[in-house]
1. I'd like the Karplus ³J(HN,Hα) series for region 76-85: coefficients 6.51, -1.76, 1.60, θ = phi - 60°, whole numbers in Hz, and an x wherever there's a Gly or Pro.
2. Evaluate the distance, in nm, between pseudo-label points positioned 7 Å from the Cα of Trp25 and of Asp310 along their respective Cα→Cβ axes.
3. State the extension gain, in nm to one decimal, for the chain segment bounded by Val169 and Gln103, taking 0.36 nm per residue of separation less the distance between their alpha-carbons.
4. What FRET efficiency do you get for Leu95 and Trp286 if R0 is 45 Å and r is their Cβ-Cβ distance, rounded to the nearest 0.05?
5. Kirkwood Rh over alpha-carbon pairs of region 272-322, then Stokes-Einstein at 37 °C and 0.692 mPa s: what D in µm² s⁻¹, rounded to an integer?
6. Using the Cα gyration tensor of region 198-271, with a ≥ b ≥ c the square roots of its eigenvalues, what is the shape: rounded (a/c below 1.5), prolate (a/b larger than b/c) or oblate (neither)?
7. Throw me the Rg/Rh for region 156-219, computed over C-alpha atoms with Kirkwood Rh, two decimals.
8. Quick one: what are the phi-derived ³J(HN,Hα) couplings along region 197-205, Karplus 6.51/-1.76/1.60 with θ = phi - 60°, whole Hz, x for glycine and proline?
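What follows draws every value from the coordinates through simple rules; no lab data is involved. Because the structure is predicted, anything quoted here is derived from the model rather than measured. Backbone-built Cβ (ideal geometry, glycine too); neighbour counts: all protein chains shown.
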Amino acid sequence: MVQVAPSLWTRLVQRVAPYAQLARWDKPTGVWLLYLPGAWSIALAAGLESTTSAGHGTEPPVQPTTSPVGSLRLQGAFLAGAFLLRGAGCTINDLWDRDIDKQTIRTRQRPLASGRLHLGQGLGFAAAQTLAGFPILLWISTPAQQRAQRFGVHQIRDLLHSTTFLTGVTALVPATLYPLAKRVTMWPQAVLGLTFNWGVLLGWSAATDGSMAWRVVLPLYGAGWCWTLVYDTIYAHQDKYTDRRLGVGSTALRFGEVHAKTWLRGFAAGMVASLTLVGVVSEQPWPFYAGVTLVGAQLFHQIQRVRLDDPADCMRHFRRMPLTGLVLLLGIAGANAWRQRVPVSTDTEAVVGTQSSG
């Protein structure tokens, strides 16, 4: 009996390991990159909502919280959702790319490319991860004041038509099409930017019960899109020679060897400019701009230092990118805390007031 348990455990690990590798559970960088744009949006929306409610003496539509990043339960739900959907996205990507991965040194040992999992297993695993995210999407689609309550079939039917639920479901479209983009365009990273920053739209909707302040949300989404172009272009430089040989598109190839860093600096500047616009239209105090300044400094420093012809160095700088997003989240949190110390301006109230009409 003593020898049976290790044998069963070993077989279990051997069965689970290919799926864990397929979902990149051992590489959490992508989870944080998917989660952070939604976290920014939740924190920004919560800060504006709580400040406006304080100014009017009314109760905010989001759940009351003392956290400067908004509802911790909502943030936790987004992190769990990012874990599941990033895994599903990686699985879908590997289903599309299994033949390409066989010809790339860095990816040829992935489970589908190496034959450890077959096509049906990959499809089933992608479906399972997507379905596992369904209860999370249903919960964040529930109005904030009802999330602690039980609800029946009729309530679920209503939630399926809610703005938040529909926003979450539509995210599957760019997520599914991203692997196709590299076959038809040199800008697949632009499509990835649309996908990885969908949390900006979903986070704001979830934090405000389905309303949307577009003049804040759109520049925030644009900032995240620019950020994605920076970090995923650096990531793509690992495989640029193989991609060129196979005829696969990427911004690493599109920007070329000479002008690559000029393009990256342009997108970094675009991120900083978009975040500055977010701050202006939402009347952010100085901690927000301090965060934006640090974000810009980090990005330009990494672009200057990264050696684009060294795959290992590209991966090192890619793995540091979540720190940039975390700095911005801390800047938003600091701004929310600072807002509680000063009176609410009518301009800030107007920004939030446009949500119901937006």
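1. Whole-Hz 3J(HN,Hα) from phi for region 76-85: x, 5, 5, 5, 5, x, 5, 4, 5, 6.
2. 3.3
3. Extra length available between Val169 and Gln103 comes to 20.4 nm.
4. It comes out at approximately 0.45.
5. 266
6. prolate
7. 1.06
8. For region 197-205, the Karplus-derived couplings read 10, 4, x, 4, 5, 5, x, 5, 4 Hz, x marking Gly and Pro.
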